[in-house]
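A short write-up of the structure that comes next.
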Amino acid sequence: MSNKNNRKEAAAHNGAERRVYARQNAAEPALRKPHVRKPLVCRCRNVKIAFVAIMMSAICINCIRAQTGEEGVVQNREEAAGEAGGQRGTLIEFAMKRQGIPYHSGGSTEKGFDCSGFVWFVYRNALNMDVPRSSRGVWSSNAKTVRLEDALPGDVLVFSANKGGSGSINHTAILVDKDSMIHAVSSGPKRGIVISPVTDRYFAPRLVGVKRFLLD
């Protein structure tokens, strides 16, 4: 009889333990830390980064243009022309005011210029000086020939058709300062009377020499 009672007590005790364990398990989820969902990463992140990079590049380019762009360069070169003074300053100032006039083959008026027509027009009207009307005439003239590194504003740069200064003489330009020249261009992204760097990748290799019509 006592064994039967012992078994009943043991079963009751085990049942009570299982109920306590079940209650503990039921309460455990409430004690666990809530699941924190990671923020979603925008799939367009790379696109946004690229867009920001492009915008920054554009800002940098605009900054560069603001400092060395065409308008700024022209202003600096006008100052350089003023610093040249005398006949050279007068010549450069007169020439630069003709920027934007269209190219015209054989032209020597403000309706349109070719390269030598522009040089002739500027010397004639700015200083009342006659210089040869053709590029070949400029090069073959008795005017003093100088090296590019010794050239002064107002000197005339002479170019050939081929690189290395070979081939026929076919182009002239007026030196604005040590870095730039003004001339009539017949083709390319900019045509007509424009300012170009002396180191222009097309013209620089074709430079034949420099002629000086003005006294130092």
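Readers should treat all values here as calculations from the given coordinates under stated rules, not as data from a laboratory. The shown structure was predicted, so the numbers you read here are calculated from the model rather than taken from an experiment. Cβ: placed from backbone, ideal geometry, glycine included. Neighbour counts: every protein chain shown.
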Using 7 Å Cα-to-Cβ label points, what is the residue 178/residue 201 separation (nm, one decimal)?
2.5
Compute for segment 66-212: radius of gyration divided by Kirkwood radius, i.e. Rg/Rh, restricted to C-alpha atoms, rounded to two decimals.
0.93
In nm, to one decimal, how far is the residue 166 label point from the residue 190 one, both placed 7 Å along Cα→Cβ?
3.1
Part-to-part distance (alpha-carbon centres) for segment 141-172 and segment 92-109, which is given in Å:
19
Could you calculate the contour length gain from residue 140 to residue 125, that is, 0.36 nm times the residue separation minus the distance between their Cα atoms, to one decimal place in nm?
3.2 nm
Between residue 99 and residue 149, what FRET efficiency follows from the Cβ-Cβ distance if R0 is 22 Å, with the result rounded to 0.05?
0.25
